[in-house]
Amino acid sequence: MGDQSSGRAARDTFPGNYFMPSLTAILRLTRPIHLLLALLTYGLGLGIARYLGGLFQPLPQIIGGVSLLFLLAASSLLIEYFRPPAEPILAGETRAQREALRPLLLIISTALLAGAALLAFLLYLQGYLPINDALLFVLYLLLCLSLAVPPTRLVERGIGEIITAFLLAVLAPAISFLMVFPGLHPFLTGFTFPLFLLALAWQLATSFEQYPDHLKYGRRVLLMRLSWQRAVPIHNGLLIVAYFFLAVLPFLGVPFVLTWPSLLTLPIAAWQMLMLRNISDGMKPVWNALNIAATVVFGLTTYLITITFWLR
């Protein structure tokens, strides 16, 4: 989803009354679903650390989570700010409206970046952000910027979805985990790896609806790099490997009581694969169903794993 026109925000008409309605549009451009999913995975890292006996202190962990959300939101806004002139930020915009919106995106994203850096620096000064976690935070910042800002602008290089999946499913829980626990643990990697695969499959699935726009504007997103013919089996393979890995975790030392809730979304994943296969076979797509299923598979699986750790 990294180089799509911000989901439904791109399909909204540009507000006629500029200031107040535009705030709603800007909120949509921050990709709230990304923020929600990052919040879930951040909570997963805290939950695993708490389960393993880490000392949980609410205020520093909340501040750390807010700083990551600020970075992610800033990255989304910068993606839109640097969007090529031929592509609309919001459908129906005039040139004057676009030129009025872009400086606002830059100002807000700069403020979010500054706020995130300040919060992280305060955590570091107070000793709540150890050096290894601080390095991960810097990596998170650099990846958020590299997604959006030229000359890297990874959303246009066919790997934006991979970086986004890494930010959401791997780095966010790792940062929160290391704020509470002194080092990485197999439980963390055991759950973040399949979640990374689910996050990547989610982005591939939701990218299919935007395929005509990808062609029209020459976007070099992952779907276009792979071609839809190869993307379908790769998408299905990602889901199969993710659930296989979750199923074998008990044989790798993870208690079954921690893993079985994550398998409850397997029927939805199977339905998701069936829908995408039918679309590739020429059946009429039901995009809302596919997008919802893909989001639920990643989001609900993350939630079920997270709540399981918090309740233990």
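List pairs: first residue in the stretch 293-312 and free of Cβ contacts under 8 Å to residues at least 40 places away in the same chain, second residue part of a helix (DSSP H, G or I) and open to solvent by less than 10 Å² (accessible area, probe 1.4 Å) anywhere in the structure, Cβ distance under 6 angstrom, at least six positions apart or on different chains.
300/265
Suppose the filter is surrounded by 16 or more Cβ atoms within 10 Å (Cβ to Cβ) and charged (D, E, K, R); does residue 277 pass it?
Values: surrounded by 16 or more Cβ atoms within 10 Å (Cβ to Cβ): no; charged (D, E, K, R): yes.
For residue 277, the condition - surrounded by 16 or more Cβ atoms within 10 Å (Cβ to Cβ) and charged (D, E, K, R) - is not met.
Looking at 140, 124, 128, which one is in a helix (DSSP H, G or I), over 20 Å from the mean Cα position of the chain (by Cα) and among the aromatic types (Phe, Trp, Tyr)? Spell out the reasoning first.
Working: 140 fails: over 20 Å from the mean Cα position of the chain (by Cα); 128 fails: in a helix (DSSP H, G or I).
Being in a helix (DSSP H, G or I), over 20 Å from the mean Cα position of the chain (by Cα) and among the aromatic types (Phe, Trp, Tyr) holds for just one of 140, 124, 128, which is 124.
Every residue in the stretch 102-128 that is surrounded by fewer than 18 Cβ atoms within 10 Å (Cβ to Cβ), over 24 Å from residue 26 (Cβ atoms) and touching a residue at least 60 places away in the same chain (Cβ under 8 Å), please. Spell out the reasoning first.
Initially, the stretch 102-128 is screened for residues surrounded by fewer than 18 Cβ atoms within 10 Å (Cβ to Cβ), giving 102-104, 106-107, 110-111, 114-115, 117-118, 121-122, 124-127.
Now restrict to residues that are over 24 Å from residue 26 (Cβ atoms): 121-122, 124-127.
The one that is surrounded by fewer than 18 Cβ atoms within 10 Å (Cβ to Cβ), over 24 Å from residue 26 (Cβ atoms) and touching a residue at least 60 places away in the same chain (Cβ under 8 Å): 126.
The values are calculated or read from the model by the stated rules, or taken from the named source; none is laboratory data. Predicted model only: the values in this text are computed from it and were never measured. Ideal geometry is used to build each Cβ from the backbone, glycine not excepted, and the neighbour counts take in all protein chains shown. Heavy atoms of the whole protein, side chains included, go into the accessibility calculation; ligands, DNA and RNA do not. Shrake-Rupley method; radii C 1.70, N 1.55, O 1.52, S 1.80 Å.
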